[in-house]
């Protein structure tokens, strides 16, 4: 990760963005404190919010819940 102050970032923005395109992350410091982190764009974030994506399918060995309930009812009678 490359660290630059804000003034240097303004002066060399084009070169720093080129470095980000190559995969480097740039941390921008202003008055001694980090204010921004410029990192390469990940295509995964384009997929949309997680609530739009389907959830994982869970597979459990054995009977389905409804079948297990019916079987339990039969044995308890």
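A few comments on the model shown:
- Nitroxide proxy distance, nm - points 7 Å out along Cα→Cβ at residue 77 and residue 19: 7.6 nm
- Taking each DSSP H run with n ≥ 4 as -39500 (n - 2.57) and averaging over every residue of the chain yields -10000 deg cm²/dmol at 222 nm.
- From the coordinates shown, P(r) over Cα pairs in 10 Å bins from 0, in percent corresponds to which of (i) 18, 51, 27, 4, 0; (ii) 15, 24, 15, 13, 9, 10, 10, 3, 0; (iii) 18, 56, 24, 2: (ii)
- Taking a ≥ b ≥ c as the square roots of the eigenvalues of the Cα gyration tensor, an a/c ratio of 1.5 or more together with a/b no larger than b/c marks segment 1-41 as oblate.
- Fraction of beta bridges assigned by DSSP in the chain that are antiparallel (%, nearest 5): 55 percent
- Sequence-separation-based contact order of the chain, relative, with Cα cut under 8 Å and 6+ spacing, percent: 21 percent
- Inter-site label distance for residue 41 and residue 57 at 7 Å from Cα along Cβ, in nm: 3.3 nm
Any read-out appearing in this document is the output of simple, stated calculations on the displayed coordinates, not a laboratory observation. The structure displayed is predicted, hence computed values, not measured ones. Here Cβ is always computed from backbone atoms with ideal geometry, including for glycine, and neighbour counts include all displayed protein chains.
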